[in-house]
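Notes to accompany the following structure.
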Amino acid sequence: MIYPDYDANSPITPLEPAELDAIDNALSSLPQDGVMTLDGLDGYLTALVVGPAKVLGSLTTAQWLPLVWGGDPDEDSASPFASKRQRKNMVVAVLRHLRHLAAQFDAGAEDWQPIFSLAEHGEREWADACDWCAGFLQAVDLQPEAWGDVWDSDALGAALAPLLQLGGGLGEAGDEEGLDQEDLNDAQMVDTLSRLVPEAVVALRAHFHLG
């Protein structure tokens with residue numbers, strides 16, 4: 001499958017809320033395993049932007065993009081998309097969102113807001129970044145060696161812990177494990193950790209791009 005290359009100098013065209021909703025609906029309707037949620041996609045693309053530059057610079061689009069919808073089928077399997085147009089629209093939207101995220105971080109990230117799942121309970125709004133963090137760590141898995149020993153850093157360890165805990169941990173690549181099911185069912189704990197994740201992302205951006 002041939003995909004267009006990511007152009008870091010292409011025009012910045014942020015996705016409108018209706019377009020984000022369309023991506024969310026399209027992903028949730030795909031009939032195969034491993035499809036990302038909208039917030040998982042946002043976390044995945046954010047990792048490509050804030051992580052080591054050589055990851056996005058060395059991988060072809062075909063190596064990372066199809067993971068968004070669970071991978072491309074083999075020659076004997078049907079495409080998960082209903083039409084070529086639907087797949088093209090998805091590809092274009094993902095690349096636009098990646099370009100917008102890159103521009104936000106290049107500008108200092110003041111306007112950046114991650115796409116977390118939110119739920120209202122009474123007057124309180126609870127954040128859940130589990131899917132977002134899982135998507136982020138999927139991007140780390142593309143080239144885990146490129147991230148070096150950042151996860152064991154004395155300076156960053158405390159800041160990165162919520163991202164790792166909510167995302168399920170790094171397994172053999174790191175010591176930090178994900179939360180158990182009881183903790184994941186604790187909305188207050190998940191909300192508290194979720195609100196710390198942006199701090200971790202900004203710290204990683206500074207480590208890899210401003211250090």
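The table for this structure:
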| item | result |
| --- | --- |
| Extension gain (nm, one decimal) between A155 and Q63, 0.36 nm per residue minus Cα-Cα | 29.9 nm |
| Computed E for S29/E75 - FRET, C-beta separation, R0 35 angstrom, nearest 0.05 | 0.90 |
| Inter-probe distance in nm under a simple model that places probes 7 Å from Cα toward Cβ, at S83 and D183 | 4.6 nm |
| Nearest-10 value in Å² for the accessible area of E120, using the 1.4 Å probe | 140 Å² |
| The chain, accessible area per residue, ligands and nucleic acids excluded (1.4 Å, Å²) | 54 Å² |
| Separation of alpha-carbon centers, the stretch 111-184 and the stretch 56-106, rounded to whole Å | 22 Å |
| Amide hydrogen neighbours beyond the local backbone of G169, cut-off 5 Å, H modeled | G178 |
| The chain: angle of helix 130-140 to the longest principal axis, Cα-based, in degrees nearest 10 | 70 degrees |
| Two-decimal ratio, the chain, of alpha-carbon radius of gyration to 2.2 N^0.38 Å | 1.01 |
| Portion, in percent, of the accessible area of the chain that falls on carbon or sulfur, probe 1.4 Å | 48 percent |
| Nitroxide proxy distance, nm - points 7 Å out along Cα→Cβ at I2 and E120 | 4.9 nm |
| Karplus-derived 3J(HN,Hα), 6.51/-1.76/1.60, for each residue of the stretch 109-117, Hz, glycine and proline x | 6, 4, 9, 6, 9, x, 8, 9, 5 |
| Charge dipole magnitude, Cβ of K and R +1, D and E -1 - the chain, Cα centre, debye nearest 20 | 1080 debye |
| For Y3, residues with placed amide H under 5 Å, excluding near neighbours | A62 |
| With all protein chains modelled, accessible area of T61 [1.4 Å, Å²] | 10 Å² |
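The values are calculated or read from the model by the stated rules, or taken from the named source; none is laboratory data. Keep in mind it's a predicted model, so treat the numbers as computed, not measured. Every residue, glycine as well, gets a Cβ built from its backbone with ideal geometry; the counts of neighbours run over all protein chains shown. Only protein heavy atoms, including side chains, enter the accessible area calculation; ligands, DNA and RNA are left aside. Shrake-Rupley method; radii C 1.70, N 1.55, O 1.52, S 1.80 Å.
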